[in-house]
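**Student:** Take this structure, written in structure tokens, and hold onto it; I'll ask about it next.
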Amino acid sequence: MFKQENVCLKVPKSQGEKAIVLANKLKIFDKNLKVQSDEKFVYVPLLQTPSKEELETFKSKGLTFQVLTQVFPRRWKHPSSLIELLEGKLPPHLLASLPKSVDFVGDIAIIEVPPELKPYNSLMGEAILKLHKNVKTVLAKAGAVSGTFRLRKFEVIAGKPKTSTIHKEYGCIYHIDLAKAYFSPRLSYEHYRVASSVREGETVLDLFAGVGPFSILIAKLHRDVKVYAVDLNPYAVELLKKNVRVNRVNGKVYPILGDAKTVVRERLSGIADRVIMNLPERALNFIDAACKALKPSGGIIHFYSFVNTSNTFEKVKNKFFRAVKESGRNVDKVLFSRFVRATAPHEWQIVLDVKVL
Ligand SMILES: C[S@@+](CC[C@H](N)C(=O)[O-])C[C@H]1O[C@@H](n2cnc3c(N)ncnc32)[C@H](O)[C@@H]1O
């Protein structure tokens, strides 16, 4: 058990309770340490040596006391962080490298482990299971998001070896397989922001729909909408179809497996009031498809991209404007823009909501 030497008040047993109440009132009672006693005295641990005024208060309340130092055991406390739980189990210089954040997708926790902590993967995984009783699996990111389907490799470091789960977001249920189809809980507010900006009666095209977090929420929040949800990844579309069923939005969300450009050209020209382009890596290459999908009278494009110190927000905006012009449309105005999230050191995902005519 962890012990520490601490300043304290030594009072006769008959005055123990009074001393604790008074020290607590003066905000100098150290609640992390256990009060000690012997046959005749009680030892009340204090946060600091009492000031002259505090000593006067003890005296004026009739306490007979001595101030001294003594060793106290710490109270057992449920650890609230990884650092607290792993203190003493990891070399102390590595505690500062512990992941500062954990992502939760359903009953799966995901962490990013710096190289120096890799040998302690399972120790960290077990600690996360202990801290979060509803978590069944802990995954460590084992690479960057990459490839056409925007997938990442994961290593199971504790719990059940699995990558699929059921996740809840804004009242919707999503079947997810992190190894097979893209999903990020860090986009949760963005899904909601865009979904709540949709108006009744709209036709929406979710060009890179994944497992459906924009499309399904739009259909849940609005009575009279039609959402075409396109993705090239067959696993994503399989999950998307399941999610449409479990959220009971059949007849409002239409999943389509295929390449965004081809699908628009063959089936969805001139039908959309709004197009969502959440493929930040490559969305610029699909502006022609988005412009073609909009109704002749125009509509809104939610355009996502990555910016960094050389490819700045301003540069990305200009590229977007140029691509719209080259597609035979015009930007009427930028309705809204923001940094959605940090994606790497000095790199951010951004969004532009643009009215295009
Ligand atoms: C960043 S994910 C976004 C998924 C979803 N919108 C979300 O917020 O979770 C991009 C998706 O685009 C899909 N994709 C990539 N290239 C595509 C293409 N040419 N046509 C349609 N979908 C594509 C990927 O399979 C991936 O699921």
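**Student:** For PHE104, state whether it is buried (at least 16 other Cβ atoms within 10 Å of the Cβ) and assigned to a strand (DSSP E or B).
**Tutor:** Working: buried (at least 16 other Cβ atoms within 10 Å of the Cβ): no; assigned to a strand (DSSP E or B): yes.
No; evaluated as a whole, the condition is false for this residue.
**Student:** Next question. For LEU352, are the conditions met, namely being in contact with a Phe, Trp or Tyr (Cβ under 6 Å, 6 or more places away or on another chain) and crowded, with 21+ Cβ neighbours inside 10 Å?
**Tutor:** On the way: in contact with a Phe, Trp or Tyr (Cβ under 6 Å, 6 or more places away or on another chain): yes; crowded, with 21+ Cβ neighbours inside 10 Å: yes.
It is true that LEU352 is in contact with a Phe, Trp or Tyr (Cβ under 6 Å, 6 or more places away or on another chain) and crowded, with 21+ Cβ neighbours inside 10 Å.
**Student:** If you don't mind, another one. Return the only residue of LYS333, LYS355, LYS325 being in contact with a strand residue (DSSP E or B) (Cβ under 6 Å, 6 or more places away or on another chain), closer than 21 Å to LYS261 by Cα and charged (D, E, K, R). Break it down stepwise before answering.
**Tutor:** Numbers: LYS333 fails: closer than 21 Å to LYS261 by Cα; LYS325 fails: in contact with a strand residue (DSSP E or B) (Cβ under 6 Å, 6 or more places away or on another chain).
Of LYS333, LYS355, LYS325, the one residue that is in contact with a strand residue (DSSP E or B) (Cβ under 6 Å, 6 or more places away or on another chain), closer than 21 Å to LYS261 by Cα and charged (D, E, K, R) is LYS355.
**Student:** So for the range 76-91 (the condition being without any contact (Cβ under 8 Å) to a residue 40 or more places away in the chain, outside any loop (DSSP other than H, G, I, E, B) and exposed (fewer than 12 other Cβ atoms within 10 Å of the Cβ)), does at least one residue qualify?
**Tutor:** Within the range 76-91, not a single residue is without any contact (Cβ under 8 Å) to a residue 40 or more places away in the chain, outside any loop (DSSP other than H, G, I, E, B) and exposed (fewer than 12 other Cβ atoms within 10 Å of the Cβ).
**Student:** Any chance the range 277-285 includes a residue that's closer than 14 Å to SER215 by Cβ and not charged (D, E, K, R)? Walk me through it before giving the result.
**Tutor:** Residues of the range 277-285 that are closer than 14 Å to SER215 by Cβ, as a first pass: 277-278.
Within this subset, residues satisfying the condition of being not charged (D, E, K, R) are 277-278.
Yes; the residues of the range 277-285 include at least one that is closer than 14 Å to SER215 by Cβ and not charged (D, E, K, R).
**Student:** Among (1) away from the ligand (no atom under 14 Å from the Cβ); (2) more than 23 Å from ARG267 (Cα to Cα), there is one condition GLY299 misses while meeting the rest; what is its number?
**Tutor:** (2)
**Student:** Output the residues belonging to the range 107-131 that are hydroxyl-bearing (Ser, Thr, Tyr) and either under 10 Å from LEU82 (Cα atoms) or surrounded by 16 or more Cβ atoms within 10 Å (Cβ to Cβ) (or both).
**Tutor:** TYR120 - this is the single residue of the range 107-131 that is hydroxyl-bearing (Ser, Thr, Tyr) and either under 10 Å from LEU82 (Cα atoms) or surrounded by 16 or more Cβ atoms within 10 Å (Cβ to Cβ) (or both).
**Student:** Also: Return only the number of the condition from (1) buried (at least 18 other Cβ atoms within 10 Å of the Cβ); (2) within 14 Å of the ligand (Cβ to nearest atom) that ASP259 does not satisfy.
**Tutor:** Of (1) buried (at least 18 other Cβ atoms within 10 Å of the Cβ); (2) within 14 Å of the ligand (Cβ to nearest atom), only one is false for ASP259: (1).
**Student:** Still on this structure: Yes or no: HIS222 away from the ligand (no atom under 16 Å from the Cβ) and within 18 Å of the chain's Cα centre (by Cα)?
**Tutor:** Working: away from the ligand (no atom under 16 Å from the Cβ): yes; within 18 Å of the chain's Cα centre (by Cα): no.
When the stated conditions are applied, HIS222 does not pass them.
**Student:** Determine, yes or no, whether LYS153 is out of contact with any helix residue (DSSP H, G or I) (no Cβ under 9 Å at 6 or more places or on another chain), of a type outside the set (Gly, Ala, Ser) and surrounded by fewer than 16 Cβ atoms within 10 Å (Cβ to Cβ). Working first, answer last.
**Tutor:** On the way: out of contact with any helix residue (DSSP H, G or I) (no Cβ under 9 Å at 6 or more places or on another chain): yes; of a type outside the set (Gly, Ala, Ser): yes; surrounded by fewer than 16 Cβ atoms within 10 Å (Cβ to Cβ): yes.
It is true that LYS153 is out of contact with any helix residue (DSSP H, G or I) (no Cβ under 9 Å at 6 or more places or on another chain), of a type outside the set (Gly, Ala, Ser) and surrounded by fewer than 16 Cβ atoms within 10 Å (Cβ to Cβ).
**Student:** Scan the range 218-228 for residues that are in a strand (DSSP E or B), surrounded by fewer than 24 Cβ atoms within 10 Å (Cβ to Cβ) and in contact with a helix residue (DSSP H, G or I) (Cβ under 6 Å, 6 or more places away or on another chain) and report the count. Talk me through it step by step, then tell me what you get.
**Tutor:** So in the range 218-228, the residues in a strand (DSSP E or B) come out as 226-228.
Those left that are additionally surrounded by fewer than 24 Cβ atoms within 10 Å (Cβ to Cβ): 226, 228.
Filter again for in contact with a helix residue (DSSP H, G or I) (Cβ under 6 Å, 6 or more places away or on another chain), leaving none.
Within the range 218-228, residues that are in a strand (DSSP E or B), surrounded by fewer than 24 Cβ atoms within 10 Å (Cβ to Cβ) and in contact with a helix residue (DSSP H, G or I) (Cβ under 6 Å, 6 or more places away or on another chain) number 0.
**Student:** Further question: Kindly provide the set of residues from the range 225-241 that are more than 15 Å from the ligand (Cβ to nearest atom) and among the basic types (Lys, Arg), ordered by number. Give the steps one after another, and end with the answer.
**Tutor:** Filtering the range 225-241 down to residues more than 15 Å from the ligand (Cβ to nearest atom) leaves 225-226.
Passing the criteria: only LYS226.
**Student:** Report yes if PHE29 is out of contact with any Cys (no Cβ under 7 Å at 6 or more places or on another chain), among the aromatic types (Phe, Trp, Tyr), outside the structural domain of GLU87 (by TED's automatic domain parsing) and under 14 Å from ARG75 (Cβ atoms), otherwise no.
**Tutor:** Values: out of contact with any Cys (no Cβ under 7 Å at 6 or more places or on another chain): yes; among the aromatic types (Phe, Trp, Tyr): yes; outside the structural domain of GLU87 (by TED's automatic domain parsing): yes; under 14 Å from ARG75 (Cβ atoms): yes.
When the stated conditions are applied, PHE29 passes them.
**Student:** Another question, if that's okay. From LYS40, LYS61, LYS34, which residue is among the basic types (Lys, Arg), surrounded by 15 or more Cβ atoms within 10 Å (Cβ to Cβ) and within 20 Å of LYS13 (Cβ to Cβ)?
**Tutor:** Only one candidate qualifies: LYS34.
**Student:** Still on this structure, I have one more. Just checking, which of ARG267, ARG245, ARG186 is over 25 Å from LYS292 (Cβ atoms) and more than 12 Å from the ligand (Cβ to nearest atom)?
**Tutor:** Working: ARG267 fails: over 25 Å from LYS292 (Cβ atoms); ARG186 fails: more than 12 Å from the ligand (Cβ to nearest atom).
Result: ARG245 is the single residue among ARG267, ARG245, ARG186 that is over 25 Å from LYS292 (Cβ atoms) and more than 12 Å from the ligand (Cβ to nearest atom).
The values are calculated or read from the model by the stated rules, or taken from the named source; none is laboratory data. A quick note: this is a predicted structure, and the numbers were derived from the prediction, not measured. Counting neighbours? That spans all protein chains shown, and the Cβs are built from the backbone with ideal geometry, glycine included.
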